[in-house]
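First comes the structure, then the notes that go with it.
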Amino acid sequence: MTVRFSPSAPPGEAGARRAAVRPAVVGRTAALAVAGLVLVLMALVIVRLPWAGDLGVHAATLQRLRHSPLDPGDPLVDADTPSPYYSPWMLLLGAVARLSGLSVFVVLRLAAVAGLALLVTGVRRYVRTLSAHRAAPALALLSLLLLWGTTPLLWSGFPGLHSLALTVSYPSTFALGLAFHFWAWLTGALRRGAGWPEWLGLGALWGVILLCHQFSGVVATVGAAATVLAAGRARRVVWSRLGAGVVAGAVVLWAWPYYDFFALSGAAGGGLDAVHRGLYGHPAARYGLVLLGVVALVPRWWRDRWDPLVLFAGLAVAVVGAGWVSGHYAWGRALPAVVIPAQLAVALEAVGAGRRGLRAGWTVLLAGGLLAGGWGQAGVLGYVVPRGGLPAAVEDRYRPPWTGYHWITPWVRYGDVVMAEGRPARQVPAYGAYTVAPGYPGFFLADEERRGAATRVYFGERTPASVRRGIEREYGVRWVVDGSGALGDAGLREVARGPEGQVLYAVP
């Protein structure tokens with residue numbers, strides 16, 4: 001038998017080359033397989049569409065746009081006021097619901113599929129501008145979903161796996177996916193010296209992201225500023241065209257007819273700061289694994305002081321830190337802008353660090369971080385696996401979703417006003433009814449405090465029946481949902497009983 005070797009390389013060198021390639025192929029295959037399993041898990045979660053947090057207000061928004069796309073009014077209470085929930089994305093979804101006749105919950109599932117697809121493809125496109133390695137996008141996606149902390153932070157716009165399972169249908173997921181595409185497009189435009197039309201398109205996209213989810217728009221803006229600064233050092237920025245893009249985005253914001261974007265900060269008031277103060281709490285438990293990415297940013301900074309991910313993280317730290325120092329805790333919603341570049345940095349070091357041994361070290365650290373983060377968010381399995389089939393340790397991490405209010409729909413019709421407080425006030429409008437007080441902040445609702453006070457008085461144990469009748473007349477209340485049992489003798493007629501001891505009453 002004759003053994004032949006390639007004339008292009010000595011036998012020993014060829015073998016060494018094959019030995020070096022083999023681990024890379026295995027690693028890339030493993031990364032793709034794990035990322036694929038995570039996406040399958042998310043697809044199963046979308047089928048379930050677990051209800052927690054803000055799903056109710058988005059369903060209510062679709063209800064209003066489905067019935068009155070040109071003048072929807074407040075999504076939660078019977079008032080003719082604008083609302084920042086009426087974004088371009090929600091308007092499109094409302095049109096889908098109106099034209100197709102599908103229920104808002106089916107449309108929200110479609111929104112979840114679109115948002116997840118946009119996020120995955122956006123991550124891939126943006127990472128491709130930073131690394132040509134074939135495993136980089138999959139590792140970056142896994143880092144984005146798992147590399148947070150040992151305690152999941154469940155908040156819209158924060159794309160940890162458990163958080164994303166509950167918010168994947170929200171506009172925040174759609175906007176964040178758009179942001180990744182925006183950064184990729186912006187990077188390409190800077191590199192190839194794009195013309196005026198492309199810059200105007202970039203500006204318009206920036207405005208749409210801000211309209212769809214204001215906080216994700218801030219993250220997109222920070223990332224865009226870092227991208228421009230990194231390119232500016234190499235003199236690739238045509239500042240007049242960049243300025244035109246900014247003006248185009250401002251025009252989109254100004255022209256949007258459903259709410260005044262520029263009045264939003266004043267309308268929000270200080271209530272948002274109280275709501276968001278918790279984002280600054282328990283940093284080790286919520287963000288501890290991100291320290292791997294912070295360490296990974298150091299060699300990137302050492303190689304290039306104007307590295308876009310380093311600038312991205314630095315600008316974001318300045319914004320979030322200013323929020324902490326000044327007491328404007330709502331600025332903490334920019335925390336994804338701190339976390340995302342760090343997560344991407346550690347994924348890129350695992351595939352792009354200089355020496356093979358260094359890459360292997362980063363790979364081991366990243367794998368350990370992903371395993372720890374995955375265990376911290378293992379409770380998400382409860383949304384697709386029956387609770388009895390979960391190990392006890394995983395079941396302890398599972399948060400049961402809320403039950404819905406389909407049980408009131410045989411009686412309560414679209415546009416009826418329901419007196420409710422607490423969680424029912426956050427869910428009932430999803431089925432087309434209104435509540436007296438909004439279950440979420442009414443940014444442009446002038447009498448929000450008065451409505452809240454009337455609701456508290458109504459459910460007060462010592463409130464006279466005459467006062468309750470007056471509140472019912474003032475706000476046109478036809479139904480009452482109560483789970484406390486305090487209204488059993490309030491002159492109301494019991495109509496139906498729901499889960500958790502709740503009762504639907506008809507107002508006489």
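The values are calculated or read from the model by the stated rules, or taken from the named source; none is laboratory data. Remember, predicted model here, so these are calculated numbers, not experimental data. Note: ideal-geometry Cβ built from the backbone for every residue, glycine included; neighbour counts use all protein chains shown. Side chains included, ligands, DNA and RNA excluded: accessible areas come from the protein's heavy atoms. Shrake-Rupley method; radii C 1.70, N 1.55, O 1.52, S 1.80 Å.
Once you sort the root eigenvalues of the Cα gyration tensor of segment 231-370 as a ≥ b ≥ c, which label holds: rounded (a/c under 1.5), prolate (a/b larger than b/c) or oblate (the other case)?
Here segment 231-370 falls in the oblate category.
So between His282 and Leu102, what do we pick up on full extension, going 0.36 nm a residue minus the alpha carbon distance?
Roughly 60.6 nm would be gained on extension.
Using only Cα atoms, tell me the angle between helix 239-255 and the longest principal axis of the chain; keep it within 0 to 90° and round to the nearest 10.
20
Keeping all protein chains in position, work out how much accessible area Ser131 exposes to a 1.4 Å probe, and write it in Å² to the nearest 10.
The value for Ser131 is about 20 Å².
Round to the nearest 10 and give me the degree value, 0 to 90, for the angle of helix 448-458's Cα axis relative to the longest principal axis of the chain.
Roughly 50 degrees between the two axes.
Could you give the accessible area per residue of the chain, probe 1.4 Å, as a whole number in Å²?
Working: 22450 Å² over 508 residues.
I get 44 Å² per residue for the chain.
Which percent of the accessible area of segment 46-168 is formed by carbon and sulfur heavy atoms (probe 1.4 angstrom)?
63
Could you give the length gained by full extension between Thr409 and Leu92, i.e. 0.36 nm per residue of separation minus their alpha carbon distance, to one decimal place?
Computed gain between Thr409 and Leu92 is 111.6 nm.
Excluding Leu91 itself, calculate the net charge of residues whose Cβ lies under 15 Å from the Cβ of Leu91, where each Lys or Arg counts +1 and each Asp or Glu counts -1. Walk me through the numbers on the way to the answer.
Working: positive: Arg64, Arg66, Arg98; negative: Asp71.
For residues surrounding Leu91, the net value is +2.
Need one word for segment 81-203: rounded, prolate or oblate. Basis is the Cα gyration tensor (sqrt eigenvalues a ≥ b ≥ c); a/c below 1.5 gives rounded, then a/b vs b/c decides.
It is oblate, given that a/c is not under 1.5 and a/b is not larger than b/c.
Can you tell me the length gained on complete extension of the stretch Arg399 to Leu371, counting 0.36 nm per residue apart and subtracting the Cα distance?
My answer for the length gained is 8.0 nm.
What base-10 log of the normalised intensity I(q)/I(0) is obtained for segment 336-395 from the Debye formula, alpha carbons as equal point scatterers, at q = 0.17, 0.31 Å⁻¹?
-0.69, -1.16
In degrees from 0 to 90, rounded to the nearest 10, what is the angle of the helix 214-232 Cα long axis to the longest principal axis of the chain?
The answer is roughly 20 degrees.
Assuming R0 = 51 Å, can you tell me the calculated FRET efficiency for the pair Arg473 and Arg303, based on Cβ-Cβ distance, to the nearest 0.05?
Calculated value: 0.10.
Given [x] 22.2; [y] 24.9; [z] 23.9 as candidate values of Kirkwood radius over Cα pairs in Å, which corresponds to the one derived from the coordinates?
Given [x] 22.2; [y] 24.9; [z] 23.9, the calculated one carries the label [y].
Of the accessible area of segment 397-508, with the probe set at 1.4 angstrom, what percent is carbon plus sulfur?
Of all accessible area on segment 397-508, carbon and sulfur atoms account for 49 percent.
Relative contact order (percent) for the chain, with alpha-carbon contacts under 8 angstrom and 6 or more residues of separation?
Numbers: 778 pairs, mean separation 84.7, N = 508.
That works out to 17 percent.
Taking all protein chains as present, what is the carbon and sulfur share of the accessible area of segment 241-351, in % to the nearest whole number, probe 1.4 Å?
C and S fraction of accessible area: 73 percent.
Just grab the label-to-label distance for Ala318 and Ala453, each label 7 Å out from Cα along the Cβ direction, in nm (one decimal).
The modelled label-to-label distance comes out at 4.4 nm.
For Ala225 and Val47, FRET efficiency with R0 = 56 Å and r from the beta-carbon atoms, rounded to 0.05?
The computed FRET efficiency comes out at 0.90.
What spacing in nm lies between the two simple spin-label points modelled at Val295 and Arg134, each 7 Å away from Cα in the Cβ direction?
Those two pseudo-labels are separated by 3.0 nm.
Given the DSSP H assignment, sum -39500 (n - 2.57) over each helix run of at least 4 residues in the chain and divide by its residue total; what's the result at 222 nm in deg cm²/dmol, nearest 500?
It comes out at -19000 deg cm²/dmol, rounded to the nearest 500.
Quick one: grab the alpha carbon gyration tensor of segment 169-222, order the square roots of its eigenvalues as a ≥ b ≥ c, and give me rounded if a/c is under 1.5, else prolate or oblate depending on whether a/b is larger than b/c.
prolate
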